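Everything on this sheet refers to the single structure shown next.
What follows draws every value from the coordinates through simple rules; no lab data is involved. It should be emphasised that the depicted structure is a prediction, and the values quoted were computed from it without experimental measurement. Please note: Cβ atoms are built from the backbone with ideal geometry, for glycine as well, and neighbour counts cover all protein chains shown.
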Amino acid sequence: MSATAQATTLKTRTCPLCGASDRQVLTRREAWEIVECDACGMVFIGSELAYDVQAREHDWREEHAKAASERKRKQPAFVFLSRVLKPLRPHTEERMLSQTGRWARSGKLVDFGCGDGGFLMLAKKHFEVTGIELSPRGAEISRERIGRDAILEGPVTEMAAQLPADSFDVVTQFGYIEHEWRPIDGLRAAHRLLKPGGVTVIKTPNYASWNRTIRGMDWCGYHIPAHCNYFTPRTLAEILRRAGFEPLRRPIADCLPTSDSLWMAARKRE
Ligand SMILES: [Zn+2]
């Protein structure tokens, strides 16, 4: 879609954390502005797409592949280094399982934005699993891998309403909240689904990472407009509190600014 056509389908977003309208524009790309809320410091894309336009014209799988090949063209040394170091990094889906296992080891789990079901394939060895996915292609692959009845297709904020309240032990959100135009609604949906004392486990790009400062607009966390919320540990903890959660203690290894990923778990307040 051209920048002009995009502009006609966009509407202004208020701050997804606190609802305020006053903001500073930090940077622009085509029709998109990245802004910082004057009231709470949340950084986000200042306008939004309807869910149906997003699903139809911004398939995450295609855009992710395009962005990866663009990075390879512009920064071959970074990409080469990242590939050389990859065997030293823990396997992403296993890391998701170990982060979840810190707080829950069995019971009912629902994965928001389950993508192609990779994490659910591992999780189903320990949990009774359900997944929700907006991308029709991702949902189809997940259904083939996990089972037809275990996957709901559509926006998380709408599909979660079809599941029973107070019935899940864990809600996992790995690479979901940065895509969600209304992240507080996504968190409230997680809160409704969880049993009292249940836990949500989140992974999202770390806007406070040194890499973001060094690489500027080439930072892998931006993905404009697929990623529309850029959380720091402070703003993620704050939005969790507003949705009725208490953020849980994070190990020091997860708090380093050298990490592009921000991992955080939070418990449903009674
Ligand atoms: Zn705000």
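Observations
- Taking 7 Å steps out from each Cα toward its Cβ at Arg137 and Leu163 produces label points 2.5 nm apart.
- Exposure proxy for Lys11, Lys124: other Cβ atoms within 10 Å of each Cβ, ordered fewest to most, give Lys11, Lys124.
- Dipole magnitude of region 203-270 about its Cα centre (Cβ charges: Lys, Arg +1; Asp, Glu -1), debye to nearest 20: 240 debye
- Taking Val110, Val25 and counting other C-beta atoms within 10 Å, the order from fewest to most: Val25, Val110
- Under 18 Å of direct C-alpha separation, and excluding same-chain neighbours fewer than eight residues apart, Lys125 reaches these aspartates and glutamates: Glu93, Glu94, Asp111, Asp116, Glu144, Asp149, Asp169.
- Distance between the 7 Å Cα→Cβ label points at Lys11 and Leu256: 4.4 nm.
- Over region 140-261, the hull volume per residue, using the convex hull of the C-alpha atoms, is 124 Å³.
- From the largest down, region 127-172 spans 29, 23, 17 angstrom on the principal axes of its Cα atoms.
- Ranking of Arg105, Arg249 by count of other Cβ atoms within 10 Å, fewest first: Arg249, Arg105
- Cα lying deepest toward the dipole's positive end in region 160-244, options His227, Pro196, Trp181, charges on Cβ: Pro196
- Region 169-194 and region 198-252 have their alpha-carbon centroids 13 Å apart.
- With the simple spin-label model, which puts each label point 7 Å out from Cα in the Cβ direction, the Arg241 to Ala20 separation comes to 1.5 nm.
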